[in-house]
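Taken together, the values in this text are just the output of simple stated rules run on the coordinates, not laboratory data. Keep in mind it's a predicted model, so treat the numbers as computed, not measured. Note: ideal-geometry Cβ built from the backbone for every residue, glycine included; neighbour counts use all protein chains shown.
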Amino acid sequence: MRLILFGPPGCGKGTQAQLLCREFKTAHLSTGGMLREAVSNGTEIGLRAKEIMECGALVPDDVVVGIISERLDRPECGYGFILDGFPRTVVQAESLDKLLREKGLKIDRVVEIKVTDELLIERISGRFSCSNCGASYHDRFKQAKQGNVCDVCGGTGFTRREDDKETTVRERLNNYHAQTAPLLPYYHSKGLLAPVDGMANIEEVTAAIRRILDVL
């Protein structure tokens with residue numbers, strides 16, 4: 001099974017990828033994770049990525065595709081993979097298609113997790129965590145049981161990520177709609193696109209994706 005999870009930031013791609021990978025014994029290919037691992041391992045392409053990132057520049061598509069290529073050659077991808085966070089543009093999708101053809105592989109399905117912008121803004125901008133142990137909370141969906149006291153460690157300090165601020169989230173969503181949403185017709189034209197309702201709870205979203213995969 002070779003799957004792409006697609007959707008805006010905060011829609012739950014990472015959570016669903018982890019759940020599905022455990023169930024189907026496939027590899028979870030997260031772009032950010034693969035980049036960090038390649039840099040840590042000191043591979044040739046990882047060193048190139050490190051040099052670029054240290055300059056504050058975006059890692060170019062050919063480097064990301066090269067890192068994905070290295071990962072696909074590992075035994076852990078023998079049962080398939082789930083791509084999370086790539087591709088983000090039509091150009092990247094075309095590069096991925098070319099890479100997979102060269103390896104005799106193909107994408108089986110592209111699952112779009114659909115969530116409204118307003119819910120995503122609420123989900124992301126409401127997140128905060130314990131400064132001491134890192135336990136996660138949310139203004140609406142997961143509050144600490146005793147107000148300003150962490151349920152896990154009893155700490156009283158909490159932090160919010162800068163990129164979780166509402167203005168930043170709206171900017172990320174605008175970028176998604178402008179740059180990444182055009183991938184929808186690209187994969188629809190190939191007969192690969194399958195939407196699921198990302199407004200449902202985690203278990204229901206997982207079940208919906210599982211039903212899509214059952215027909216493969």
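A few remarks follow.
- For the chain, the mean projected area of the C-alpha convex hull, equal to one quarter of the hull surface, is 13.2 nm².
- Amide H to amide H, with H built 1.01 Å from N, S131 comes under 5 Å of G157, F158, T159, counting only residues 5 or more places away or on other chains.
- Applying a 4.7 Å Cβ-Cβ cutoff to the chain leaves C11, C21, C55, C77 as cysteine residues with no disulfide-compatible partner.
- Restricting attention to the chain, close to 25% of DSSP beta bridges with both partner residues there are antiparallel.
- Under 11 Å, Cβ to Cβ, from I113 - net charge with Lys/Arg +1 and Asp/Glu -1: -1
- Along principal axes, Cα extents of the range 9-51, largest first, whole Å: 34, 25, 11
- Of all lysines in the structure, those lying under 21 Å Cα to Cα from K106, and not within fewer than 8 positions of it along the same chain, are K13, K25, K98, K190.
- Dipole axis of the range 121-194 (+1 Lys, Arg; -1 Asp, Glu on Cβ), positive-most option in S129, G154, L183: L183
- Among L100, F24, A200 the positive-end extreme of the charge dipole of the chain (Cβ point charges): F24
- Where trypsin sites (Lys or Arg not before Pro) fall in DSSP loop in the range 10-77, at most 12 other Cβ within 10 Å: K25
- Per-residue [θ]222 nm for the chain (sum of -39500 (n - 2.57) over DSSP H runs n ≥ 4, rounded to 500): -13500 deg cm²/dmol
- A simple charge model with +1 on the Cβ of Lys and Arg, -1 on the Cβ of Asp and Glu and nothing else charged puts the dipole of the range 1-152 at about 440 debye relative to its Cα centre.
- At q = 0.09, 0.15, 0.20 Å⁻¹, base-10 log of I(q)/I(0) for the range 1-124 (Debye sum, equal scatterers on each alpha carbon): -0.26, -0.73, -1.21
- Karplus-derived HN-Hα couplings along the range 151-163 (A = 6.51, B = -1.76, C = 1.60, θ = phi - 60°), whole Hz, x at Gly and Pro: 5, 8, 10, x, x, 10, x, 10, 9, 10, 6, 4, 7
- The amide H of G80, built 1.01 Å from its N in the peptide plane, has A27 as neighbours under 5 Å, considering only residues 5 or more places off or on other chains.
- With θ taken as phi - 60° and the Karplus curve 6.51 cos²θ - 1.76 cosθ + 1.60 applied, the whole-hertz 3J(HN,Hα) list for the range 181-189 is 4, x, 5, 4, x, 4, 7, 4, 5 Hz, x standing for glycine and proline.
- For the range 81-89, 3J(HN,Hα) per residue [Karplus equation, 6.51 cos²θ - 1.76 cosθ + 1.60, θ = phi - 60°, Hz, x = Gly/Pro]: 7, 10, 8, 10, x, 8, x, 10, 9
- For the range 124-216, a Kirkwood radius taken over Cα pairs fed into Stokes-Einstein (4 °C, viscosity 1.567 mPa s) yields D = 79 µm²/s.
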